[in-house]
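Every number in this text was worked out from the coordinates using simple rules, so none of it is lab data. Everything numeric in this text was worked out from a predicted model, so none of it was measured. For neighbour counting, all protein chains shown are included, and Cβ atoms are generated from backbone atoms with ideal geometry for every residue, glycine included.
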Amino acid sequence: PPYSPELNPIEQVWHWMRDNEIANRCFDGYNDIVNKCCDAWNRFSEDKNRVISQCYRDWTNLET
């Protein structure tokens with residue numbers, strides 16, 4: 001399909017970041033946005049189980 005966010009793991013990461021870190025916030029400017037996104041990414045990536053749960057797809061396991 002041309003657009004299938006449920007098949008793209010990074011869309012799940014952005015969804016988590018929006019829901020948990022950067023949605024409904026006021027920013028002081030561009031640098032503040034960049035800093036908040038970097039902080040959100042660092043919090044997301046520091047939990048290995050969170051990364052696996054958001055990014056793993058059964059169909060990506062190609063072992064037979």
So if each residue of separation counts as 0.36 nm, and I subtract the Cα-Cα distance between VAL51 and ASP28, what length gain in nm does that give?
5.4 nm
Calculated from the structure, semi-axes √(5λ) of the Cα gyration tensor in Å equals which of (1) 27, 14, 8; (2) 21, 13, 9; (3) 17, 12, 11?
(1)
Using a 10 angstrom Cβ neighbour count of at most 14 plus a DSSP loop assignment to flag exposed trypsin sites (Lys or Arg not before Pro), which longest range of the chain is free of such sites?
26-56
Of the chymotrypsin sites (Phe, Trp or Tyr not before Pro) in region 9-44, those whose Cβ has at most 13 other Cβ within 10 Å and which sit in DSSP loop:
PHE27
Exposed loop sites here are GluC sites (Glu not before Pro) in DSSP loop states with at most 14 other C-beta atoms within 10 Å. What is the longest stretch of the chain lacking them?
1-45
Once the Cα atoms of helix 30-45 and of the chain are each reduced to a long axis, what angle between those two axes, in degrees from 0 to 90 to the nearest 10, is obtained?
40
